[in-house]
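The values are calculated or read from the model by the stated rules, or taken from the named source; none is laboratory data. Small disclaimer: the values here were computed from a predicted structure and weren't measured. Using ideal geometry, Cβ is built from the backbone for each residue, glycine included, and neighbour counts are taken over all protein chains shown. For accessibility, only protein heavy atoms count, side chains too; no ligands or nucleic acids. Shrake-Rupley method; radii C 1.70, N 1.55, O 1.52, S 1.80 Å.
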Amino acid sequence: MKFLIHSNAPFVNTGYGVQCRHLVDRLHDDDHDVAVSCTYGLQGSVMPWSNRQITLYPTGYEVNGNDIVHNHAMHHFEGDETGGWIIPLLDIWCLLPNPRLADFNVAAWTPVDHVPVPPDVVKFFHKNPDAVPVAMSRFGERQLSEAGLDPVYVPLSVDTNVYKPTPTVTINGQTVTGRELLGMTEGGAIPEDAYLVGMVAMNKGWARDRKGFNEAFRAFGQFWIKHQNAVLYVHADWPGGAEGINLKELAVHAS
C-alpha cells in the first residue's frame, strides 16, 4: 500500500516531526511504500531520507503545504488519485480550503484540543465525507464521536528508549534527581514533596496565546492560592518569539 504522510519532515525534532518519523518507520517495516509531504523542514526539492531511501517532498508556498499536498500525492500514487492514502498529521482545519482532498483516500490523524471539537475540524470532515477521522487520544475519540463522526483511535507513539521512568540522571559526573535537574537552570531544585505541574509549549505565533498560556497560568494561580507548595514548570521561550508573550510578566499577574 502507498502512503503519503503530510506533516513536518521526519528529520526535525518537533512533536510532529518525531511522530512522523515513528510512523514512517512502522509503515516501512510493514513493507508499505511510504513518502512524506513536508509541511516544515524541507524546501526546494525532493530528496531521499535515511538508509531506507524514503522520498521527502518539499513544502509549497502556503503554510502547511496546502497548495501542494495533492500534487505530491499524485506523484507518489503514480497519477492515480485512489492509488494510496494521504495521512495528514497536523491540525486538520489547516487543510480546510483544499477542494482537491475530497478526490483522495484520506485518513486524518488529527489533534482535538477543545471541548467541543473545534468547528473547523468538524467542517473539514463534512466537506470531505469519505475522509477517516483518526483520533490521537481517547478524549479526541469521544469528542469526535459526540460531533457525529465515526473516528478510529490510534494513539501517538512513544520511543521507550528515550521516554522511560528515570529516577536519577548523571550530568557532568553529578547524579541528580529529575526535580533537581529541572531546577538547575534557575531557582534551585524543586522540592521532592512539591506538587509539580509541567507544561511544554511553543511560545510564538500571530495568535499570541495560541497554546493557552493565559488560561493555564491563571488556573494554576487559583490552585496555588490554596496549595502554595505547588510548582508550575514551563518549558518554553519565556520572552516569546514571533509575537509570543512575556511569560514572566504573565506569571506575576496570574498568581
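Numerical summary
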item	result
Any pair with Cβ under 8 angstrom, 6 or more apart, that starts in segment 116-133 at a residue that is touching a residue at least 12 places away in the same chain (Cβ under 8 Å) and polar (S, T, N, Q) and ends at one that is part of a helix (DSSP H, G or I) and crowded, with 19+ Cβ neighbours inside 10 Å	128/101
Condition broken by residue 229, with the remaining ones in (1) over 27 Å from the mean Cα position of the chain (by Cα); (2) closer than 27 Å to residue 137 by Cβ; (3) not small (Gly, Ala, Ser) satisfied	(2)
Some residue of segment 171-187 being within 30 Å of residue 224 (Cβ to Cβ), open to solvent by 40 Å² or more (accessible area, probe 1.4 Å) and of a type in the set (Gly, Ala, Ser)	yes
Breaking point among (1) surrounded by 15 or more Cβ atoms within 10 Å (Cβ to Cβ); (2) among the hydrophobic types (A, V, I, L, M, F, W, C); (3) over 24 Å from residue 30 (Cβ atoms), for residue 115	(1)
Qualifying positions in segment 209-233 - in a strand (DSSP E or B) and either under 21 Å from residue 114 (Cα atoms) or in contact (Cβ under 8 Å) with a residue 40 or more places away in the chain (or both)	231, 233
Residue match in segment 65-72 (condition: within 23 Å of the chain's Cα centre (by Cα), open to solvent by 20 Å² or more (accessible area, probe 1.4 Å) and farther than 26 Å from residue 140 by Cβ)	yes
Top-ranked residue in segment 211-246 [being of a type in the set (Gly, Ala, Ser) and farther than 24 Å from residue 189 by Cβ; ranked as modelled with the lowest pLDDT]	242
Subset of segment 63-101 [touching a helix residue (DSSP H, G or I) at 6+ places or on another chain (Cβ under 9 Å), among the charged types (D, E, K, R) and farther than 18 Å from residue 126 by Cβ]	80, 81
Condition broken by residue 249, with the remaining ones in (1) open to solvent by 60 Å² or more (accessible area, probe 1.4 Å); (2) under 23 Å from residue 184 (Cβ atoms) satisfied	(2)
Residue match in segment 164-183 (condition: under 21 Å from residue 19 (Cβ atoms) and either modelled with pLDDT under 95 or over 18 Å from the mean Cα position of the chain (by Cα) (or both))	yes
Criterion (among the hydrophobic types (A, V, I, L, M, F, W, C), surrounded by 15 or more Cβ atoms within 10 Å (Cβ to Cβ) and within 30 Å of residue 248 (Cα to Cα)) met by exactly one of 202, 136	202
Residue satisfying all of: in segment 1-15; within 14 Å of the chain's Cα centre (by Cα) and at pLDDT 95 or above; surrounded by the most Cβ atoms within 10 Å (Cβ to Cβ) among these	6
